[in-house]
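The values are calculated or read from the model by the stated rules, or taken from the named source; none is laboratory data. Quick caveat: nothing in here was measured; it's all calculated off a predicted structure. Cβ placement follows ideal geometry from the backbone for every residue including glycine, while neighbour counts extend to all protein chains displayed. Ligands, DNA and RNA are stripped out before the accessible areas are found, and what is left, the full protein with its side chains, is counted by its heavy atoms. Shrake-Rupley method; radii C 1.70, N 1.55, O 1.52, S 1.80 Å.
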Amino acid sequence: MSSSSSMAARRLLAAAFLALAVPAVLCQAPGPAAPKGPPNVTAILEKGGQYATFIRLMKATQQDTQLNSQLNNSFGSGYTVFAPTDNAFNSLKPGTLNKLSQQEQVSLVQYHILPQFYSLDSFETASNPVRTQASGSDGPYTLNITADSNSQVNVSTGLVATRVGTALRDTQPLAVYSVDKVLLPNDLFGVKPPSSAPPAPTKKPAKGASVAEAPTGSADSAPSGAAPGGAGVAGWSLAALVLAAAGSLL
């Protein structure tokens with residue numbers, strides 16, 4: 001074989017190799033994307049576009065900073081946030097938020113955060129009551145979460161019940177779901193038991209009266225309208241009259 005023929009054969013082989021290799025490279029799946037860092041709950045809510053009141057409440061109680069810090073330091077079991085829409089807050093009675101103390105506002109926000117990541121599917125196997133980040137003197141505040149036959153997830157506080165709506169994010173370590181009602185914990189908004197009445201003050205005896213004096217209407221007291229010594233006096237008068245009459249007859 002001549003050198004020219006050998007060179008032509010090599011070129012044909014090279015061309016055939018390139019024809020096979022280039023499509024294979026182009027069809028390869030892209031490699032894993034570089035990690036973007038921990039999620040930011042505020043940025044997720046801002047992107048949703050209808051959670052301004054909840055964002056403002058989270059910032060006022062510093063719960064956005066706390067949650068982002070926990071996500072940044074350690075994913076752990078993750079977190080789930082139920083985010084009420086602005087319309088949900090607007091439907092509350094006027095002054096509902098303003099009458100809460102600072103600590104009660106913290107508890108209200110924490111009541112919307114679960115210390116565990118839940119996908120929509122995993123809600124079906126959630127064990128009720130589900131613990132939240134909020135807690136009080138009687139222990140953690142809890143929610144009841146159920147899924148119906150249509151895989152619709154419902155959440156109830158005992159005072160408020162609503163459906164879990166759009167997932168703003170549902171990837172570990174943070175899930176954020178939209179809800180159409182503010183989740184009001186019974187511990188903060190339930191009917192408070194009436195406080196016990198203070199004991200009646202002890203009646204002091206009148207000045208100069210004996211403490212051992214029998215009360216009016218006791219068994220030792222004479223009936224109303226009757227003089228205690230009246231019967232004895234009448235008896236002695238009758239006896240005197242009888243004796244006087246007898247003496248006159250003698």
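Some notes on this structure:
- Candidates are the residues of segment 120-141 that are of a type outside the set (Phe, Trp, Tyr) and in a helix (DSSP H, G or I); the one that is least open to solvent (accessible area, probe 1.4 Å) is 122.
- Scanning segment 64-117 for residues that are out of contact with any Leu (no Cβ under 8 Å at 6 or more places or on another chain), surrounded by 18 or more Cβ atoms within 10 Å (Cβ to Cβ) and touching a residue at least 40 places away in the same chain (Cβ under 8 Å) turns up 67, 85, 88, 106, 110.
- Members of segment 142-159 found to be in contact with a helix residue (DSSP H, G or I) (Cβ under 8 Å, 6 or more places away or on another chain), open to solvent by less than 40 Å² (accessible area, probe 1.4 Å) and under 17 Å from residue 188 (Cβ atoms), listed by number: 157
- Residue list for segment 89-119, restricted to those being aromatic (Phe, Trp, Tyr) and either closer than 26 Å to residue 172 by Cβ or outside any helix (DSSP H, G or I) (or both): 111, 117, 118
- Leading residue by the ranking (modelled with the lowest pLDDT) among those in segment 174-187 that are farther than 15 Å from residue 43 by Cα, of a type outside the set (Val, Ile, Thr) and open to solvent by less than 10 Å² (accessible area, probe 1.4 Å): 185
For every residue, the table says whether it meets (1) at pLDDT below 95; (2) farther than 30 Å from residue 132 by Cβ.
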{"position": "1", "(1), (2)": "yes, yes"}
{"position": "25", "(1), (2)": "yes, yes"}
{"position": "28", "(1), (2)": "yes, yes"}
{"position": "53", "(1), (2)": "no, no"}
{"position": "94", "(1), (2)": "yes, no"}
{"position": "110", "(1), (2)": "no, no"}
